Structure formats: structure tokens, C-alpha cells
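Let me begin by presenting the structure, written as C-alpha cells, before commenting on it.
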Amino acid sequence: MRPRLDTPRLIVRDYTAADLDDVAEILADPEVFWWVKEPFTRERARLWLDEEIAQVAGDGSGRRAVVLRQSSKVIGGAGLVWRDLDTGREIELGYHLHRDYWGQGFATEAGAACLERARTLGLKRVVSLIYVHNPRSEAVARRLGMTPQGELVWAGLPHRRWAIELGGGRRGGPAGLFGLARGAVESRVRGYRPTVSSERGV
Ligand SMILES: CC(C)(COP(=O)(O)OP(=O)(O)OC[C@H]1O[C@@H](n2cnc3c(N)ncnc32)[C@H](O)[C@@H]1OP(=O)(O)O)[C@@H](O)C(=O)NCCC(=O)NCCS
């Protein structure tokens, strides 16, 4: 379990099986996972949620629930995911929101919290792979300080690679996931031993 991230309006936390109702509602809208052509049934949403939960248990990365603090409703997903790209192993920031919550800055707020987490872990840089005809997603990346760095084909479609340099020393490899974050190492030097949950995973 990774530590939850708190922002003024949101909580970004690991998914649980109890999120199925909210997740199924979000994914049922073909505008959200627009790249999936078949309807996102409740059963399919359940499989998707199971996979997200399993991924975190596996490589320590994966999207997380974006929860509206005011109502405790899951209104989307955002998170850091390891990807094997032409540039090597990179960490990707991804995000999506329930259609009713677009236009209020929630994706930017959740994305900023994820980037802060990446910074805390000492990651060198974060990328976002964005379909070339997805201006809303590009606008989020731009607001987060990312810049476009060329194009690539991803999932069979032309994407632009957006990236932000965070200045940390860690880039790629699961070793970076389960090793200690730089801050945690410094804490240990001072004699404070953080819990495993705050050290593991992105
Ligand atoms: C990508 C996606 C999450 C972007 O959602 P979004 O609502 O446009 O992005 P934000 O939540 O950051 O909101 C930004 C909008 O809120 C406004 N806003 C209001 N308050 C704001 C605040 N406090 N901070 C930032 N923006 C704010 C911005 O001006 C902007 O408005 P605009 O759309 O009129 O320009 C959404 O379109 C989506 O889920 N798409 C489908 C999934 C997808 O494509 N994901 C990306 C795959 S690469």
C-alpha cells in the first residue's frame, strides 16, 4: 500500500475492490476510455480494477483512485506507471476523470500530487504519452510543467511524449521501486525508521 496523497480538494489513494461502483460509472462513459472500442461493462470494469490492484502488488506502480474530499466519491484515476519505451524504462503519469468533473482543475491537481510524489522518491523524470488529438490531456501536461519531446507510436496510435525533468538521480528499473527513497535514507541517518508503506512503490 502506497501512502495516500492529500491535496486541497482531493485524496489520491490506492484502489480497493470497494471502488467498483464508482469506477464502473466512470468507465461506462465511452468518452473517458475513448481508446477502448467495446462498451465498458460492469464486469469489464471489475477486471480492470482487479488488474490495477494486482499491478501495484507486482511492480509497485499503477494508477490510483482520485477521490473528491467533499463527498468521498471516486471521480477518476491518476498515477505513475512504469513503461518500457524506446528511451528505456520510464515512469509515466496518466490521468482520467469522470466526465461530470472535467473543467474544474481536478486532473491537474491530482497530477501535481503524483509529480510531487515522484520528486520525493528522487525520480529523475516523468513522461506522459498523449495521443496527438487529445488537447485536454495536453493542456493538463502543459499546466503541470511538462514539455513535448517528440512523437512515438503507442498502442498503435500516434502519441506525443511529454516530459518533465525532476532532477532526481533515479531512472528506470524495479530496483528503484523497492529501494529506499532518498528522503527515507536521510531519515534513517537521523535515526528515524519510516514504515515500509511510505517507502515502497510509486
Ligand atoms: C484528460 C482529462 C483528465 C482532462 O480533464 P480536464 O477537466 O480538462 O483537466 P483539469 O481537471 O485539469 O481541468 C482543467 C480545466 O479546469 C479549469 N480550472 C478550473 N479550476 C482550476 C484549477 N483550480 N486548476 C486548474 N484548472 C482549473 C481550467 O481552466 C481548465 O478549463 P478549460 O477546460 O476550460 O481549459 C479529461 O479530459 C479526461 O478524462 N479525458 C479522457 C481520458 C484521457 O484522455 N486521459 C488522458 C490519456 S493521455
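Since every read-out is calculated from the coordinates, none of them should be taken as a lab result. Bear in mind that the values here come from a model prediction, so they are computed numbers and not experimental data. Note that each Cβ is placed from the backbone with ideal geometry, even for glycine, and that neighbours are counted across all protein chains shown.
Provide the packing ranking of 75-88, 45-58, i.e. peptides ordered by the mean count of other C-beta atoms within 10 Å per residue, highest first. Could you put the intermediate results ahead of the total?
Details: 75-88: 19.5, 45-58: 15.6.
Those peptides, ordered most packed to least, come out 75-88, 45-58.
Using the Karplus equation 6.51 cos²θ - 1.76 cosθ + 1.60 (θ = phi - 60°), what ³J(HN,Hα) coupling, rounded to whole Hz, does each residue of the stretch 38-43 give in order, writing x for Gly and Pro?
Per residue, the Karplus-derived 3J(HN,Hα) values read 7, x, 8, 6, 4, 5 Hz.
Mind giving me the nanometre distance, one decimal, between the label points for Asn134 and Val36, set 7 Å out from Cα along Cα→Cβ?
So the two model labels end up 1.4 nm from each other.
Please list 155-162, 120-127 highest first by mean number of surrounding beta-carbon atoms within 10 Å per residue.
Numbers: 155-162: 15.1, 120-127: 20.4.
Result, highest mean first: 120-127, 155-162.
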